[in-house]
Amino acid sequence: MSKQLSIYDFHLHTQFSPDSSTPLEVYAQLADQLSIHIGFLDHFELAFLDRQGYLNYDRLPCLLESFDNTKRQFPSISLGLEVDFYSDHSSFVAEFCDDFRNDFDYFIGTVHTVAGLAVTTKEELDILVARIGLPTILRRYFDEVEGAIRSGLFDGIAHIDGVMRFVPLYNVGQKLMTFWEERTLELGHLCHANKVPIEINLRGLTPPWGETHPSRPLVTQLVQAGAHFFIGSDSHSIKDFEEAIPQLKEQHAYLRDCNALELPISL
């Protein structure tokens, strides 16, 4: 498959994520019809190994077997994991990545939680806002993302500013929005310095955020500074994937025009 002509989506969730029920082969069949190379990226959150529906060490062999079976029929697929980073348990994360590096094509670093609660769900974010406030949440989130980038464990970083997804639902002043822009750009430059590609995550296009993560204006600034990106729809269903296809094409055209496309794996 030619790197210059292909469309890629490196962020698809399957039945092995707690928030999806879509089998791998369902995505693979549609992607094959459309000549799209897809990469599965189910959640692996070491803090939630005992939670219902989450991947754990016992379920990993089932994921690997399902992928192998699907790849026999649809070869243009890859297998990654969206691995949450925790600065206070970084050695645990590093040990996991080292132990399973040969079983997966790529690991993408991510942050979903602050103080043990998910910033990417409105219900848990509400609790956090009441407890510690948005400024503290954003500061802690971006500090964790920085740790993930500096760790050297990952082949890319997912939704670098994903904490902003529900922020428009709150009373947010310009000071906080300026902090988001400055910190996102700072971390984007850090990715560039460490040769870590940044995901353009399409899930943010849905309300209330209504923009990619990171947003196109920030992507443009980072591209001008030499940073490189890959694209993930962050689909949790086949409907999500179908609806993301026009944006996948548009974003690839943009990155190729800017010579800023970099895949998290070698194909």
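All of the numbers you see were taken from the coordinates with simple rules; none came from a lab. As the structure is a prediction and not an experimental result, all values here were calculated from the model. No Cβ is skipped: glycine too gets one built from the backbone with ideal geometry, and neighbour counts run over all protein chains shown.
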Quick check on ILE149: is it closer than 27 Å to SER215 by Cα, in contact (Cβ under 8 Å) with a residue 12 or more places away in the chain and part of a loop (DSSP other than H, G, I, E, B)?
no
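Would you point out the residue of the stretch 206-229, among those that are in contact with a strand residue (DSSP E or B) (Cβ under 9 Å, 6 or more places away or on another chain) and touching a residue at least 40 places away in the same chain (Cβ under 8 Å), that is farthest from GLY162 (Cα to Cα)? Full working, then the answer.
Of the stretch 206-229, the ones in contact with a strand residue (DSSP E or B) (Cβ under 9 Å, 6 or more places away or on another chain) are 212-214, 216, 219, 222-223, 227-229.
From what is left, the residues that are touching a residue at least 40 places away in the same chain (Cβ under 8 Å) are 213-214.
Working: HIS213: 6, PRO214: 8 Å.
Per the stated criteria, the residue is PRO214.
Can GLY232 be described as of a type outside the set (D, E, K, R), in contact (Cβ under 8 Å) with a residue 60 or more places away in the chain and in contact with a Pro (Cβ under 6 Å, 6 or more places away or on another chain)? It would help to see each step written out before you state the result.
Values: of a type outside the set (D, E, K, R): yes; in contact (Cβ under 8 Å) with a residue 60 or more places away in the chain: yes; in contact with a Pro (Cβ under 6 Å, 6 or more places away or on another chain): no.
Considered against the rule, which asks whether it is of a type outside the set (D, E, K, R), in contact (Cβ under 8 Å) with a residue 60 or more places away in the chain and in contact with a Pro (Cβ under 6 Å, 6 or more places away or on another chain), GLY232 comes out as no.
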Any idea which of SER78, SER87 is in contact with a Gly (Cβ under 6 Å, 6 or more places away or on another chain), under 16 Å from SER151 (Cβ atoms) and of a type in the set (S, T, N, Q)?
SER87
Neighbours by Cβ (under 8 Å, 6+ apart or cross-chain): first from the stretch 96-108, touching a residue at least 24 places away in the same chain (Cβ under 8 Å); second part of a strand (DSSP E or B) and among the aromatic types (Phe, Trp, Tyr)
PHE96/PHE44; CYS97/PHE107; TYR106/PHE10; ILE108/PHE10
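Residue-by-condition table, conditions (1) over 16 Å from VAL83 (Cα atoms); (2) assigned to a loop (DSSP other than H, G, I, E, B); (3) in contact with a Gly (Cβ under 6 Å, 6 or more places away or on another chain):
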site	(1), (2), (3)
PHE16	no, yes, no
THR22	yes, yes, no
TYR27	yes, no, no
ILE38	yes, no, no
HIS43	no, no, no
ALA47	no, no, no
ARG51	no, yes, no
TYR57	no, yes, no
